[in-house]
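Accompanying notes for the structure given below.
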Amino acid sequence: SNGQSLAGKKVVVTAGGTREPLDPVRYLTNHSSGKMGFAVAEAAKNAGAEVTLIAANPLKTIPTDLHVIQVETASELLKTVKEQFRDADILVMAAAVADYRPATVADKKIKKTADNETMTLKLVRNPDILKEVSSIKKPGQFVTGFAAETNDLIANAEKKIKSKKLDLIVANDVSQAGIGFNADNNQVTFLFADGRKVKTPIESKQKIATKLISIISNEFQE
Ligand code: C5P
């Protein structure tokens with residue numbers, strides 16, 4: 001594909017991991033660095049797209065050459081994705097979204113007490129952003145999800161591509177050391193809605209992002 005294959009297209013990329021507050025000083029989160037999402041956003045920009053990067057608490061410094069919207073929680077991410085998706089051509093959901101959040105957020109710091117050796121946290125389910133996006137998706141809009149799995153990688157990714165009504169899913173095995181979360185390298189399988197599969201070697205997240213953007217621009221222009 002040529003260097004400007006996404007010229008004039010609006011691409012929305014989410015990156016990082018959501019933070020779900022417990023009280024004013026504590027939160028639940030995950031190990032997402034944001035590196036994979038940043039690499040996808042840069043690759044889309046290099047392909048000529050107008051990119052909006054929605055960044056949720058990445059560990060890595062946010063690129064300054066992109067239009068960035070920062071969010072914290074899954075609920076904020078949902079609201080922002082819905083707003084940005086409306087006039088977007090392509091969405092890539094690389095963010096690690098917390099499946100659950102604390103049922104209540106204390107307005108003061110939660111204290112330990114002398115007689116409480118254990119504490120139980122009640123969590124409630126967060127919305128599934130990709131499922132909500134699938135219900136507002138218009139013909140021609142292209143949606144890509146990620147699937148990080150420790151077991152049954154392909155079977156689980158195949159289930160997700162159907163349940164979230166995706167055009168493409170990027171599946172990666174996060175049980176292997178040196179790839180995936182926080183690493184500079186990754187190894188993924190691209191799974192298409194029609195069942196095609198393409199597995200990459202272990203390579204940099206930049207290389208994988210470039211391949212992903214080239215696959216998306218080929219599929220998108222059909
Ligand atoms: O179901 P699972 O979290 O493994 O699916 C991963 C994909 O779904 C990722 O693309 C992630 O960004 C997205 N996701 C979402 N809303 C959630 C959880 C995950 O859109 N609540």
task = Report the one residue of 32, 175, 135 whose Cα lies farthest in the direction of the positive end of the charge dipole of the chain (charges on C-beta: Lys and Arg +1, Asp and Glu -1; origin at the Cα centre).
result = 135
task = Quick one: dipole size for the chain, taken about the Cα centre, charges +1 on Lys/Arg Cβ and -1 on Asp/Glu Cβ, in debye to the nearest 20.
result = 240
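Output the peptides 115-124, 134-143 sorted from most to least packed, where packing is the average of other Cβ atoms within 10 Å over each peptide's residues. Don't jump to the answer; show the numbers that get you there.
Numbers: 115-124: 8.0, 134-143: 12.8.
Going by the mean number of other Cβ atoms within 10 Å, highest first, we get 134-143, 115-124.
For region 166-216, build the convex hull from the C-alpha positions and give me its volume per residue in Å³.
Numbers: hull volume 3.9 nm³, N = 51.
Taking the convex hull of the Cα positions in region 166-216, it is 77 Å³ per residue.
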ask   = Of 88, 49, 5, which is farthest on the positive side of the dipole of the chain, counting Cα position, with +1 on Lys and Arg Cβ, -1 on Asp and Glu Cβ, and the Cα centre as origin?
value = 88
request  = First select every other residue whose beta carbon is under 14 angstrom from the beta carbon of residue 164; then total the charges, Lys and Arg +1, Asp and Glu -1.
outcome  = +1
task = For residue 152 and residue 131, calculate 0.36 nm times their separation in residues minus their Cα-Cα distance, and state this gained length in nm to one decimal.
result = 5.4 nm
note = Nearest 10, in degrees from 0 to 90: the angle of helix 35-46 to the longest Cα principal axis of the chain is 30
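Averaged over all directions, how much area does the convex hull of the C-alpha atoms of the chain cover when projected, in nm²? The partial results should precede the final answer.
On the way: hull surface 53.4 nm².
Directional mean of the projected Cα hull area for the chain stands at 13.4 nm².
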query = Tell me, how many Å apart are the Cα centres for region 36-51 and for region 157-198?
reply = 18
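Stokes-Einstein diffusion coefficient for region 98-222 at 37 °C in a medium of 0.692 mPa s, Rh from the Kirkwood formula over Cα pairs: what value in µm²/s?
Diffusion coefficient, whole number: 192 µm²/s.
Nearest-5 percent of antiparallel DSSP beta bridges in the chain?
35
How much length is gained on full extension from residue 162 to residue 31, taking 0.36 nm per residue of separation minus their Cα-Cα distance?
Numbers: separation 131, 0.36 × 131 = 47.16 nm, distance 2.63 nm.
Gain on extension, residue 162 to residue 31, equals 44.5 nm.
Where the only charges are on Cβ atoms (+1 Lys, Arg; -1 Asp, Glu), what is the dipole of region 76-149 about its Cα centre, to the nearest 20 debye? Each step should come with its number before you reach the end.
Details: 13 positive and 11 negative charges, 54 e Å.
It works out to roughly 260 debye.
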query = What's the long-distance tail for region 1-48, i.e. % of Cα pairs beyond 14 Å?
reply = 61
message = With bins 10 Å wide starting at 0, give me the P(r) of region 1-86 over every alpha carbon pair, in whole percents.
response = 18, 45, 27, 7, 2
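Return the FRET efficiency for the residue pair residue 204, residue 82: r is the Cβ-Cβ distance, R0 is 25 Å, and the value is rounded to the nearest 0.05.
Numbers: r = 32 Å, r/R0 = 1.27.
That gives a FRET efficiency of 0.20.
Quick note: the coordinates plus some simple rules give every number you see, no bench work behind them. The shown structure was predicted, so the numbers you read here are calculated from the model rather than taken from an experiment. As a convention, Cβ positions derive from the backbone with ideal geometry for all residues, glycine included, and neighbour counts pool all protein chains shown.
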